[in-house]
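Reviewing the structure listed below.
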Amino acid sequence: LPPDLPHPVQVAAWRKMGASRRAEFAAELRCKVRGWKRDALRTQHPDWTDERLQRELAQIYLRGNI
């Protein structure tokens with residue numbers, strides 16, 4: 001199985017979830033990923049203010065280069 005394809009067990013679980021649960025799951029994951037990226041930026045740039053962190057995070061997501 002190529003590494004860029006989901007495992008068949010994953011696919012079966014997603015199908016079992018239903019569309020609304022998959023959408024909810026995607027939103028939760030997006031929120032977690034954004035938090036992880038914020039934490040990584042905070043570690044890399046401890047001198048940045050919260051405002052600067054939020055601005056840089058927004059720019060990263062607007063440009064699509066996570």
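General observations
- Pairwise inverse Cα distances across the chain, averaged and inverted, put the Kirkwood hydrodynamic radius at 14.2 Å.
- In nm, spacing of pseudo-spin labels at W48 and A26 (7 Å Cα→C-beta vector): 2.7 nm
- In this structure, V11 and K37 have a Cβ-Cβ separation that, at R0 = 35 Å, corresponds to a calculated FRET efficiency of about 0.85.
- Here the accessible area of the chain is 58 percent carbon and sulfur, with a 1.4 angstrom probe and all protein chains present.
- For the chain, the solvent-accessible area works out to 82 Å² per residue, with a probe of 1.4 Å and every protein chain left in place.
The values are calculated or read from the model by the stated rules, or taken from the named source; none is laboratory data. Since the structure is predicted, the reported quantities are computational estimates derived from the model, not experimental observations. So basically every Cβ, Gly included, is an ideal-geometry build from the backbone, and we count neighbours across all protein chains shown. The protein model used for the area step is the full one, side chains on, heavy atoms only, and it has no ligands, DNA or RNA in it. Shrake-Rupley method; radii C 1.70, N 1.55, O 1.52, S 1.80 Å.
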